[in-house]
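Beneath this line is the structure, given in structure tokens, with notes to follow.
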Amino acid sequence: VRAYDIIRKKRDGGALTEAEIRWVLRGFTAGDVPDYQMAALAMAIFLRGMTSVELGIWTDAMIHSGRVMDLSRIPAKKVDKHSTGGVGDKVSLPLAPLVAACGVPVPMISGRGLGHTGGTLDKLEAIPGFDVRLDPEAYARTVAEVGLCLIGQTDDLCPADRKLYALRDVTATVESIPLIASSIMSKKLAEGIDALVLDVKTGSGAFMKTAELSRELARTMVGIGEAMGRRVVAYITDMDQPLGRAVGNALETAESIATLHGQGPADLVEVTLTLGAEMLVLGEVAADVGEGRRRLQAAMDDGTAFDRFRRMVVAQGGDGGVIDDPGRLPQAEATVDVPAPSGGIVRAIQTEAIGVAALVLGAGRETQESIIDPAVGLIVHKKVGDTVAPGEPLVTLHVNDRTKLSDAEARIIEAYEIGESAPAPRPLIVERIAA
Ligand code: URA
């Protein structure tokens, strides 16, 4: 086999064989297939796509490029959730303990913020002491004992994806549905799970801005799951405005704790219950999503979900006292309101700009080396459809570095479209896609 022939075959629209796919990914991971040949192949895949058969083999080869977590000693069905990312999307924090409290173990390997979107690991690290770098043994033990564990990707998990993602990032080959789908699914299926719920975000704060692209990505990932013998259900959910009110790491962690106490914003609660109910069905502890929702609601109401969250935090080195008193989470020095320049009804929010405003304040990374400030971010007061008076606060910024203030303020003002008439309503849960 020669890398040259594989690239040429894909360039000309051919389908690669199992032997070709496994050879090229093994060689790339080992360093025998150089970056320039893999980059050319990635571009050929970007332009020509992959068949569902190729995609199943490709994903399997990525999974087996490294360690596959073994959670077989935990007898229950293990179920995880993955979101394609958004602004204010802190669903994993309340969701994982809720589902675990209902008897379905949740092993969750999460990511950091990417571009304008936040990352679960960054939010958890706002809790003093919280360690996202457990070794595989501690990870498995925590899932077994507490019912959930949230960690970052280890070096030996899907190394082919790590290398390929870095190449794609600099060769304009990120936005390829088969490459995105196999990248996400390989990492999730290496976690040791039996089933997966996907939250594919759509709208101005998502990577997939249109429902069509979101649907295609969701279908592709569900298809990969099916090819790998795992049950995968995808939901397309709205990201045309921030989810909940908090954007920024400690602020989102505090909102997640409030949600576990039954005091969460309605949209965040709805997405959490929708995805969680599906996880309980996949985990075979609820007969249908109606029963799933009732059980989740009960775990929220009686405090058992909060208790799971607290136990997980303590098991991972975090300060449980901070979970009991979220006022002890990192706090910014100043809060600054951004007033509405005119009155009317909020017609739309350019959600990516809201994410970038939080990033500019220090909640996200400008470069790979940037250090996140857990305390900063913003609270959204006015959402789509809300009435606003001139000068009323749209958003409150939580600020440490005042030199960033005017940039963030300008982005907020720019992001809000305020008009005379109410916008057409958009569903929060857009579509469910299953095999
Ligand atoms: N997230 C991933 O993990 N992989 C991609 O390719 C895109 C987003």
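At-a-glance table
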quantity	calculated
Amide proton proximity set for Val33, modelled H, under 5 Å, gap of 5+	Phe28
Footprinting exposure proxy for Ile74, Ile177 (fewest neighbouring C-beta atoms within 10 Å first)	Ile74, Ile177
Extension gain, Arg26 back to Ala435 (0.36 nm per residue minus Cα-Cα distance, nm)	144.3 nm
Theoretical FRET efficiency, 1/(1+(r/R0)^6), r = Cβ-Cβ of Tyr165 and Glu284, R0 41 Å, to 0.05	0.80
On Cα atoms only, tilt of 211-227 relative to the major axis of the chain in degrees	50
Dipole of the range 83-205, positive end: most advanced residue of Ile151, Gly205, Gly129 [Cβ charges, Cα centre]	Gly205
Protection-proxy order for peptides 123-136, 51-64, each taking the mean of Cβ atoms within 10 Å per residue, highest first	51-64, 123-136
Histogram of C-alpha separations across the range 190-345, 10 Å bin width, %	9, 28, 35, 22, 6, 0
Residue list for the range 137-170, given a label point 7 angstrom along the Cα-to-Cβ vector of Asp35 and an amide N cut-off under 17 Å	159-170
3J(HN,Hα) from dihedral phi, the range 353-369, Karplus parametrisation 6.51/-1.76/1.60, rounded to Hz, x for glycine, proline	5, 5, x, 5, 4, 5, 4, 4, 6, x, 7, x, 9, 6, 9, 4, 8
Placed amide H near Glu431: partners under 5 Å, 5+ positions off or other chain	Ile236
Anchor Lys90: aspartates and glutamates whose Cα lies under 15 Å away (excluding residues fewer than 8 positions away in-chain)	Asp80, Asp122, Glu125, Asp199, Asp238, Glu252, Glu255, Asp267, Glu270
Relative contact order for the range 137-213, counting Cα pairs under 8 Å that sit 6 or more residues apart, in percent	18
Net length gained if the chain between Asp70 and Asp307 were fully extended (0.36 nm per residue, minus Cα distance)	82.7 nm
The range 194-267: GluC sites (Glu not before Pro) in DSSP loop, at most 10 other beta carbons within 10 Å	none
Helix axis angle, 92-101 relative to the chain longest principal axis, alpha carbon, degrees	80
Estimated FRET transfer efficiency (Ser406, Thr335; beta-carbon r; R0 22 Å; 0.05)	0.90
Max mean-square fluctuation residue, GNM over the chain, Cα-Cα springs under 10 Å, options Leu41, Leu282, Leu121	Leu41
From phi via Karplus (6.51, -1.76, 1.60), per-residue ³J(HN,Hα) for the range 166-181 in Hz, x at Gly/Pro	4, 5, 4, 4, 10, 10, 6, 10, 6, 7, 10, 4, x, 6, 5, 4
Extension reserve of the Arg328-Glu137 stretch, reckoned as 0.36 nm per residue once the Cα distance is removed	65.7 nm
Total charge dipole magnitude, the range 381-435, about the Cα centre, Cβ charges on Lys, Arg, Asp, Glu only, Debye to nearest 20	220
Rounded to 10°, Cα long-axis angle of helix 266-282 versus longest principal axis of the chain	30
Local electrostatic count at Ala39 - Lys and Arg +1, Asp and Glu -1, tallied over other residues with Cβ under 14 Å	+2
Over the range 295-427, relative contact order from alpha-carbon pairs under 8 Å, at least 6 apart, %	32
Net charge of neighbours whose Cβ lies under 12 Å from the Cβ of Pro75, counting Lys and Arg as +1 and Asp and Glu as -1	+1
Links that overshoot a 29 Å alpha carbon limit, given the list Lys9/Lys201; Lys78/Lys209; Lys77/Lys123; Lys123/Lys209; Lys10/Lys78	Lys9/Lys201; Lys78/Lys209; Lys10/Lys78
Unit charges at the beta carbon, dipole of the chain: most positive-side option, Phe306, Thr237, Val79	Val79
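Read the figures in this text as sums done on the coordinates, not as results from a lab. Quick caveat, the model's predicted, so the values are computed rather than measured. Virtual Cβ from ideal backbone geometry, glycine too; neighbours counted across all protein chains shown.
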